[in-house]
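Just below is one structure, and these are the notes that go with it.
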Amino acid sequence: MKKRILSIALVAVLAATLACACGKKESTGMTVNDGVLTMATNAYFPPYEYYEGEEIVGIDAEIAKAVADKLGLELKIEDMEFDSIITAVQTGKADIGLAGMTVTDERKQSVNFSDTYATGIQVVIVTEDSDITSVDDLEGKKIGVQLSTTGDIYASDDYGEEFVEQYNKGADAVMALTQGKVDAVIIDNEPAKSFVAANEGLKILDTEYVTEDYAACINKENTELLDAVNGALAELKEDGTLQGILDKYITAE
Ligand code: GLN
C-alpha cells in the first residue's frame, strides 16, 4: 500500500514536471512554447541573415539552428524590423534574438546577452568618387544608417542627429547613397561588403569606425535559457561547428 502511494506521488510529480516543460512560458526555467525556440531577426543583413527564396539563411540562422538542435528544440525564425527585436524578446513574442546584434550597455538594461559568437566592425561606405577618405571627413556630411543600430547611435553621438538619416533597412540606406541622398553609410562590415558587391560605384573606407561583439539577446527573466544557450555555444565553439559556420559565409581577406 505504502509503495503504491509513493508511486502515485511519483507519477504526479513527473506529470507536473512534464506539464511545466511543455506548457506555456514561465518566468523562470528554460521555458519555451511547445519545444519551439522562436528567434527574432531582421532578415536583410547578409551574410548573418537574408532570404534565399522563402527561407531565411545565414550565420545567425545556422547558429540558432545548431543551438536549438543541442537543446532538443525546433527553431522558428520570425522576421521583423531590427528596432522591434529587443521588444519582442522582452515581451515573450520571441525567446531569443539573433541579428548580428552588438552587445551594448544600454541594451543590457533591457535584455541579457549570451556569450559573444562573432565580431563586427562598423565601417563607412561612400561612392567611389567621394571626397570622404576617412571618418574625420564625415563632419558636416549626411550619413545614412539603419534605425536603432549601433551605427545610428554612434553617428548621432559623434556627428549630430541632424546629420543622420535613419532607414528601416541597411539596403535602403545604401540605396539612398547610390541616389545621392546621403554622402556616406555607416554599417557593419560584412553586410557592407555584400551591399558594395551588389551595387556599382561604391567602396568601403579603409579606416574602421568601431569594433564590437555580436551576441544573442534573451529575456532577462529566462536565465535558464541563457545558461542553456551559453552551454550550447561553448560546445559549438569547442567542436569547431561555430567556426565552420562563420567560414562558410565569410571568406577571409
Ligand atoms: N550590429 C549592429 C547593431 O547591433 C547592426 C545590427 C543589424 O542591423 N542587424 O546595432
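Below are the figures for this structure:
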{"read-out": "Cβ-derived FRET efficiency at R0 35 Å, residue 234 paired with residue 91, nearest 0.05", "value": "0.80"}
{"read-out": "The chain: calculated mean residue ellipticity at 222 nm from DSSP helix runs of at least 4, using -39500 (n - 2.57)", "value": "-11500 deg cm²/dmol"}
{"read-out": "Residue 120 long-range amide H proximity, modeled H, under 5 Å", "value": "212, 213, 214"}
{"read-out": "Relative packing of 216-226, 59-69, which averages over residues the other C-beta atoms within 10 Å, highest first", "value": "59-69, 216-226"}
{"read-out": "Total lysine pairs whose alpha carbons fall under 25 Å of each other in the stretch 103-252 (8 or more apart, or interchain)", "value": "22"}
{"read-out": "Charge sum, other residues only, whose C-beta stays under 9 Å from residue 249's C-beta, Lys/Arg counted +1 and Asp/Glu -1", "value": "-2"}
{"read-out": "Residue-span extension gain [residue 207 to residue 51] - 0.36 nm each, minus C-alpha spacing", "value": "53.2 nm"}
{"read-out": "Residue 198 paired with residue 134, simple spin-label distance in nm, labels 7 Å along Cα-to-beta-carbon", "value": "3.2"}
{"read-out": "J(HN,Hα) series, the stretch 95-108, from Karplus relation 6.51 cos²θ - 1.76 cosθ + 1.60, nearest Hz, glycine and proline x", "value": "7, 8, x, 10, 7, x, 7, 7, 6, 10, 4, 5, 5, 5"}
{"read-out": "Estimated inter-spin distance, residue 162 and residue 181, nm [label 7 Å along Cα→Cβ]", "value": "2.1"}
{"read-out": "Volume per residue of the C-alpha convex hull in the stretch 119-192, rounded to whole Å³", "value": "85"}
{"read-out": "Sites residue 251 and residue 34, calculated FRET efficiency, Cβ-Cβ separation with R0 41 Å, nearest 0.05", "value": "0.60"}
{"read-out": "Nitroxide proxy distance, nm - points 7 Å out along Cα→Cβ at residue 76 and residue 108", "value": "3.2"}
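We did not get these values from a lab; they are worked out from the coordinates using the rules stated. Keep in mind that what you see is a predicted model, and the values were worked out from it rather than measured. Because the Cβ atoms are built from the backbone with ideal geometry, glycine has one as well, and the counts that use them run over all protein chains shown.
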